[in-house]
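To keep things clear, I will list the structure first and then write my remarks on it.
The values are calculated or read from the model by the stated rules, or taken from the named source; none is laboratory data. This one's a predicted model, so the numbers in the text were calculated from it and none came from an experiment. Cβ placement follows ideal geometry from the backbone for every residue including glycine, while neighbour counts extend to all protein chains displayed.
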Amino acid sequence: MSFAEIDTGINQQSAENEGFAELYIDVRHKENRLLSDCKVMFLPDIEENHVHYKEWQVRKESAQQLIDYLKAKNRPLNILEVGCGNGWLSAKLHSINGAKVLGIDINEPEIQQAQRVFKSNNLEFICTGFDPPVYEKQKFDIILFAASIQYFKSLKETLTGALSCLKRNGEIHVTDTNFYTPTEAVKAAKRSDEYFESIGFSEMAEHYFHHNINQVREFNCKMLYNPHRIINKITKKNPFYWIAIKH
């Protein structure tokens, strides 16, 4: 099954997804996260005076660690990035020898940007949500959620669905993502409510979820980076988890 065949098998987005996509773009605009084609082309490198420069430094490091990890497999990889946004990370993954990459997102303006800036042989972008039955015949070696799984309400359902789309010995990777204990999740949700209200988009809190780290441990997972390890808490280089879940 080719990427083109996947594209024709995808249903139209639901009204709910369309509403969220529009809201999400408005929030990204408010946060100065929408970038020109020229700037997107060079991501994760960005000017030092950019408001999100430090965040991009973190993502640059985590992206390189992921790429090095995948290169070490030394074989062609069929990769799906869920929630790829403007496509910069999918494009970096495409640099892996023999990689075939599909990036999906319900955010149409940035998917269109990804297509303009990065689309090439074995690198495709489709504007759609993640509907596992569509991808089960394709099967992927790697399914990536980079700073995106917090927009899925059910962590267990999402990961279970992703597992059904993996080849034998395939892996799900979750990067650049916070996870919480139950107590921490309540506090984090309150902070998010206050933040979205402060920028004039209180309704966004209904689409942003604070997942329990214990739910991840129900799967066959490995913490490739845990920000709460003592050494990592001291260095404070990266506040996010990197988790691999194997088929």
query = among the small types (Gly, Ala, Ser) and at negative phi - does that describe any residue in the stretch 93-101?
reply = yes
Pairing a residue in the stretch 213-237 that is within 28 Å of Ser154 (Cβ to Cβ) with any residue that is basic (Lys, Arg), where Cβ atoms lie under 6 Å and the two sit 6 or more apart in sequence or on different chains, gives Gln215/Lys156; Asn220/Lys246
Cβ pairs under 8 Å, 6+ apart or interchain, first in the stretch 96-114 and closer than 19 Å to Leu23 by Cα, second surrounded by fewer than 22 Cβ atoms within 10 Å (Cβ to Cβ) and of a type in the set (Asp, Glu), ordered by first then second residue, are Ile106/Glu18; Gln113/Asp37
For helices (runs of 4 or more DSSP H) lying entirely in the stretch 1-101, having 1 or more residues that are modelled with pLDDT of 95 or more picks out 15-30, 37-41, 53-71, 88-94
